[in-house]
Amino acid sequence: MSSGGESSEEESPVQNKKGKSKTPRKPKTSVLKQKSPAEFFAENKNIAGFDNPGKSLYTTVRELVENALDSSESIAELPFVEVTIEEINKSKFNSMIGLIDRERIDEALYGDFETDKAREKRLAKEARFQETQAKNAALGKKVKEPTASKGAKGRGDASFYRVTCKDNGRGMPHDDIPNMFGRVLSGTKYGLKQTRGKFGLGAKMALIWSKMSTGLPIEISSSMKSQSYTTFCRLDIDIHRNIPHIHLHEKRDDKEQWHGAEIQVVIEGNWTTYRSKILHYMRQMAVITPYAQFMFRFVSETPDKNVSISFARRTDVMPAVPLETKHHPSAVDLLLIKRLIAETSKPHLLQFLQHEFVNIGKAHAERLIGEMGPDFTPKTAVKSLTSQQIVRMHQLFRQAKFDDPSGDCLSPAGEYNLRLGIIKELHPDMVATYTASAQVFEGHPFIVEAGVSLGGKDVKQGLNIFRFANRIPLLFEQGADVVTRTAMKRINWNSYKINQTQDKIGVFVSIVSTKIPFKGTGKEYIGDDISEIASAVKTCLRQCCSQLKTKIVKRIQAREQQERKRSLTKYLDDAAGGIYTILKEASDQQAKKKQRTEIKDEDVEFLEKVSDRLITKETLIEMLAQHVEQVDYEMAMEYATQSGVREEPREKIYLQALEPGTKFIEFCSPNFVFRLFQ
């Protein structure tokens, strides 16, 4: 008994451990932690467009190309951008990082392992498929292509690519390169102006993705016009501290006298799934920037996969460089007002209002100060304003009336470049373009320009929509975009003689602004909830459609004219034969009666020519044909006079790039460029 009791006492603590504890566990003490900007974007890479390997490859190409264009345009240099994507197999990648390939020992450990039963099932399925194919071929039916077997693909089967982008732009200062690539949220594009970038990350996010997927550094070569050397820098980023980790940073001889930048990064990607997106992006970029020349290459060990495409330059007319502007009073918040006060060099309130904001003159500023209350005077020290006074200023800014900001700081592509880009890449049968005047939403100016084309090369039937924001293509989330919804739901294409489902319609809309109202975390589309932008897009597309309708009506009338001429010409022989028979009988009767008093002298002379066979049936056919031509010309002239159309046949003329050193005076308009050579 005692031994049993002792054993139960010994077992009871074990049971207590297995059961629920009566005493609650003490929670761990929470520790306050911080994340660097680089660490934040590394953990939320989908925000910057790095959702998966394929999207990451596309976004890397896009960021590098847009940086290259900005660099060239900043020094008024016609852009020449070379993009190369080189496929790297697993063996080559391992040798790059110093890893020795190993043969598999435990096959069942891998995701693509196939059991004997699964192999038998797959082979039986393939045999049945081949048997079905043979029967279909014997019956003359269409033979389906065999589909690739779906196998489990692990991360170890990832594909790697070396992406290289070279430009002829400004280049980068030697000492600034490490921070420009190795420190997130540092750059030269911050400020209130039209920019191509979405987050200001540029190649920094590509470097973060490279560090996450391959661990390899980025390589940068750069040279500026004023330098006699080329900077070479190899670096990666310390994600936790958001600082560059420099491997090599040196100056080299610039033997080629080259200026620009060449960036090379090795990343994980997926060319197969995003091939069409990358090529579509390059084509759309060639449309919106016809003054740039692009060379794109994809290099693989398999020659059949190689791609080489050149997008030629069509013009050397470049848009103006966007200008940085001041904030509009109606578009600022409390935090921005406090920052402007902290950074301003103006001591007094009157000078602060005039200098830091747009559309506030001296008289207007004095009225605003008077409205703020007795605590405010023009000589009030702006640095001494209290939080309550700043709130009062903000409230007045939201309630007061201000002139809209002008669009002088914006730089749209222009109708001339947009039209050339569409013609160059799509080769349409007809095209119309229109640029609206600058408008405003929430204190930010914006300009909408649009183009609509019919027909063309590699254009599908129906609506083909091309969207641009600050002169960069938008390829994702098209269905929710304001351009797509306007084109599909708010334009009555039939009223413009355009068949929405049968015709090949290209719709091009470019929006530029100091603040593009993107929606979603990826910033891939512009919402349909801003009435000012939706109205401007609709107006531009209608203007383009009206231009096309005029051309379509003229083409229809020309077709009807040809049909009318064809019908009249068809009966010329019969009509001339009948008329000649009547004239022949009249001339014979006139010769017998010899009475000329009843017939006019000119008619007698005409009948004599018929009698003498100076006028024959062939002569009448020729005279009637000339009459048809004359009547047709007079009808066309009458239509042109009534409709106000005074257009002669035109030829397409393109401006070719000039040799360096050519001097000329240039006059630009939205539709043409006139040059007077000296």
* To do: Tell me which residues come under 5 Å, amide H to amide H, from ASP238 once H is placed; ignore anything under 5 positions away on its chain.
  => ILE243, HIS245
* With +1 on each Lys and Arg Cβ and -1 on each Asp and Glu Cβ, how big is the dipole of segment 536-575 about its Cα centre, in debye rounded to the nearest 20? -> 360 debye
* Asked: Using a probe of 1.4 angstrom, how much of the accessible area of segment 334-399 is carbon and sulfur, in percent?
  -> 51 percent
* Provide the FRET efficiency to the nearest 0.05 for the PHE667-ALA400 pair, computing r from the beta carbons and using R0 = 41 Å. => 0.50
* Asked: Modelled label-to-label distance, LYS121 and ILE556, 7 Å Cα→beta-carbon offset: nm?
  -> 6.2 nm
* Around ILE100: net Lys/Arg minus Asp/Glu count, Cβ-Cβ under 15 Å -> +2
* To do: Lys and Arg at +1, Asp and Glu at -1: add these up for the other residues within a Cβ distance under 12 Å of VAL382 and post the number.
  => +2
* Per 5 Å bin, what is the whole-percent P(r) computed from every C-alpha pair distance within segment 469-532? -> 3, 15, 26, 24, 15, 11, 6, 1
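Run the dipole for segment 334-399 about the Cα centre, Lys and Arg Cβ at +1, Asp and Glu Cβ at -1, nothing else charged, and hand back the magnitude in debye, nearest 20.
Charge dipole, segment 334-399, about its Cα centre: 80 debye, nearest 20.
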* Structure fact -> Where a ≥ b ≥ c are root eigenvalues of the Cα gyration tensor, a/c under 1.5 meaning rounded, otherwise prolate if a/b exceeds b/c and oblate otherwise, segment 334-399 counts as rounded
* Residue-normalised accessible area of segment 218-278, given per residue in Å² at a 1.4 Å probe -> 52 Å²
* **Extension reserve of the GLN589-GLU301 stretch, reckoned as 0.36 nm per residue once the Cα distance is removed** => 94.3 nm
* Structure fact -> Residue span LEU336 to SER228: 0.36 nm per residue of separation minus Cα-Cα distance leaves a gain in nm of 34.7 nm
* Asked: Among 285-294, 548-557, what's the highest-first ranking by average C-beta atoms within 10 angstrom per residue?
  -> 285-294, 548-557
* Structure fact -> FRET efficiency for GLU622 and ASP429 from the Cβ-Cβ distance with R0 = 45 Å, rounded to 0.05, comes out at 0.80
* 20 Å cut-off, amide nitrogen to a point 7 angstrom out along THR377 Cα→Cβ, residues in segment 333-352 -> 346-352
* Asked: Between ASN494 and SER567, what FRET efficiency comes out of the Förster formula 1/(1 + (r/R0)^6) with R0 = 22 Å and r the beta carbon distance, rounded to 0.05?
  -> 0.20
* Structure fact -> Ranked output for segments 569-581, 79-91 by mean other Cβ atoms within 10 Å, highest leading, reads 79-91, 569-581
* For segment 334-399, with every protein chain kept in place, what is the accessible area per residue (1.4 Å probe, Å²)? -> 57 Å²
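The values are calculated or read from the model by the stated rules, or taken from the named source; none is laboratory data. Nothing here was measured: the structure is a model prediction, and the numbers come from that model. Every residue, glycine as well, gets a Cβ built from its backbone with ideal geometry; the counts of neighbours run over all protein chains shown. These accessible areas exclude ligands, DNA and RNA; they are computed on the full protein's heavy atoms, side chains included. Shrake-Rupley method; radii C 1.70, N 1.55, O 1.52, S 1.80 Å.
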